[in-house]
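Read through the structure below, which is laid out as C-alpha cells, and then see the notes.
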Amino acid sequence: LLTHKESLPVRSLVLRDVRRPGSESSYQVGPLRCYGDKSIWNAAFFAKETLYLHFPTFHGELSADISLLFKTTSSSGVLLENLGIRDFIRLELSSSTEVVFSFDVGNGPLEVSVKAGVPLNDNRWHRIQAERNVREASLRLDELPAATQEAPADGHIHLQLNSQLFVGTASRQKGFRGCIRSLQLNGVTLDLEERAKVTPGIQAGCPGHCSTYGGLCQNQGRCVEGARSFSCDCSSSAFNGAFCDQGIYSFKENLVNESNGSSSPTSSPFLPNLNLRAENISLSFRSGQSPALFLYVSSHHRQYLALLLNNAEQLEVRYRLESSKEEEILRSKVRSLANGQLHSVSVSRLADSVTIQVTHHPLKEHFNLTSGVEFSDVRSLTLGRVHNSQDLDPALAQLGSLGFTGCLSAVLFNSISPLKAALIRPIASSVVVRGPLIRSSCGPAAAKPHAAENTHHQPEQRLLIFGLFLCILGLIAAIIFGIASALAILIRFLHRRKGTCQNQELTKTEDNNRLQFASQSISQYGPTESQKEYFI
C-alpha cells in the first residue's frame, strides 16, 4: 500500500495526439525502487494543541542544528522547545505566515523569523532548518532565503538547558496541532513514532484525509488522496456517486416481451483467458419469480458458475469446475426470497471454500467444494437468459431459458460491474445487451418507503407547518394579553388599597384629636366614677 504518493518519481503522464485514427499508445512504469534513509518518514500526529512528546535534554551548548518538516491547519503553535533556569531554545509557528526561531544563552532573548508569502497552515509539508552557533543564528523555511541574526560580540555563549526536550510544548498554553516528521537535532534523528506509541493521544505516523474520511467511500470504493481533499474511486464498485453509494444502475426485465419472451440478457465477454481460484460476487434483487437465474459465468472448458433461486425460493450456487464431473449445488437455508422485497446476496470463494450470506441474516453459511478449485479460461458473464446452453445440465439449461423477471442492481463480479458498464459506458464497454435495458432503482424505494410520500405531500406539509406556526403565534398573543390584564388588575388593586390606607390614617388623626379634647374637658370638671381604680 503506497501512502506518500506525492513523492513518487512519476507524478503524471501526458499523451498527445491521441485522436489520430488507428493510433495506439502504451506506457509501462517499471518497478519502484526506494533508496535512502526511511527515517525521513518517521512522524507523529498531534490531534490537540495540549499534546506533546518528551525526549532527553538537548545538549547543544555551543551549536545547534535543528531540521524538521511539518504540516498543519492551525494558525500558530510551538513546534519544539527546551528550557533551562534562564536559558531556552524554541521553534514555533507564530502566525499562519511566519516561523520564529528563538533562544536565550544569558544575554536576553534572540529571535530570527521568516515570513512566507503564502499561508503555512495549508496542510502541506513545509521544511524548517534552524542553526545557532557562537557567532550567529539562521532560519530557513522551504526554499525561501535564510534569515540571520548576529549574536552579541561580548556575552554568554553556552546554552545551558536542564529540562526535557518537548516536541510540542508543556509550558505554553498553545502547542502544535498537526504532523511533524523527520526531526533531527545535530544530525541525530528522533524516533517520533516509537515515542508516540507510548504517549496517549498522539498517533504514530501522519494520517491523510483518507485515514480520517476514507470510511465515507462505500461499497468497495477506494479513497484517493488529494492535495486538500479526497475523492472516492468507484471504478471497482457496482455503485456510483461521490461516495460510491448511489445504486441507481439496475437491470430490469418486463414480465412479457414479445420479441424474446421474458428475458433481456446482458452478456459481458470480459478478460479472456482469465484463470480464477477465487471469486467475490455481490448483487441485489427484487423479484416474485421462482425459479430464476441471476448470473451465469462460463469458460471455454465447459466450466461454469451459476447463481439462482430454486423452486423453494432458496438461493443456490452451482459450480462445475471439472468438465468431467457433475455440478456441485450449494444451497442456502434462507427461504422466501421471491417475496417481491429487496434482498442482497454475497458469495465468496477461495479455492474450495465457499461462503454465502443473504441480507438481514447475519450468519454466514460455509461450504466446501469436492471437485476442482480453478476456474480456467473464463469466457463471459451473463445476466438473465442464457442462449448458449449446450454446456449446461438439462435442468440448468431449462432454467437458463426462462431468464429473470424482476430487478437486479449493484451486480459485482470481482471488480467487474456489467450493469454499470452497460449504462454508463455502453459504447466503450464490452457489454452486449439483448432486449430492453431499463435504468431504474431497485433499492432506495424499499429502503426508504416514506421518501416518496414526503415528496408527494410536500404542499400539505407546508400548510400544516404554517397552521402550526399560526397556532403558536395565537397562543403567545393570548399569554401576553393575559399577563397584561393581570398586571392592570394588580396595579388598580394596589392603587385602591393605597387610597384606603390614607383615609384610615386621616380618620385615626381626627379621633385622636377628639379624644384629647374630651380628656381635657373631663379633667376640668374633676374625677368621675369611671376614673376610680379598683383593686381586686
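Among the residues of the stretch 293-327, write down those that are assigned to a strand (DSSP E or B) and closer than 21 Å to His360 by Cα. Phe294, Leu307, Leu308, Leu309, Leu315, Glu316, Val317 - these are the residues of the stretch 293-327 that are assigned to a strand (DSSP E or B) and closer than 21 Å to His360 by Cα. Since Cys179 meets every condition but one in (1) more than 22 Å from Leu93 (Cα to Cα); (2) in contact (Cβ under 8 Å) with a residue 24 or more places away in the chain, which condition does it not meet? That leaves (1) as the condition not met. Of everything listed in (1) more than 25 Å from Ala64 (Cβ to Cβ); (2) modelled with pLDDT of 90 or more; (3) touching a helix residue (DSSP H, G or I) at 6+ places or on another chain (Cβ under 6 Å), the single unmet condition for Lys197 is (3).
Rundown of residues vs (1) within 30 Å of Ala238 (Cβ to Cβ); (2) surrounded by 20 or more Cβ atoms within 10 Å (Cβ to Cβ), yes/no style:
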{"position": "Gln160", "(1), (2)": "no, no"}
{"position": "Lys174", "(1), (2)": "no, no"}
{"position": "Leu190", "(1), (2)": "no, yes"}
{"position": "Arg195", "(1), (2)": "no, no"}
{"position": "Gln203", "(1), (2)": "no, no"}
{"position": "Pro207", "(1), (2)": "yes, no"}
{"position": "Cys210", "(1), (2)": "yes, no"}
{"position": "Gln218", "(1), (2)": "yes, no"}
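When Leu93, Leu141 are checked against the criterion of being touching a strand residue (DSSP E or B) at 6+ places or on another chain (Cβ under 7 Å), of a type outside the set (D, E, K, R), crowded, with 18+ Cβ neighbours inside 10 Å and within 23 Å of Thr57 (Cα to Cα), a single residue qualifies: Leu93.
One line per residue, one yes/no per condition, for (1) touching a Pro at 6+ places or on another chain (Cβ under 6 Å); (2) surrounded by fewer than 21 Cβ atoms within 10 Å (Cβ to Cβ); (3) within 27 Å of Thr199 (Cβ to Cβ):
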| position | (1), (2), (3) |
| --- | --- |
| Phe55 | no, yes, yes |
| Gly60 | no, yes, yes |
| Phe70 | no, no, yes |
| Leu80 | no, no, yes |
| Asp87 | no, yes, yes |
| Gly108 | no, yes, no |
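The single residue among Asn121, Asn133 that is in the same structural domain as Gly187 (by TED's automatic domain parsing) and either crowded, with 18+ Cβ neighbours inside 10 Å or hydroxyl-bearing (Ser, Thr, Tyr) (or both) turns out to be Asn121.
The values are calculated or read from the model by the stated rules, or taken from the named source; none is laboratory data. The model shown is predicted, which means the values in this text are computed figures rather than measured ones. Backbone-built Cβ (ideal geometry, glycine too); neighbour counts: all protein chains shown.
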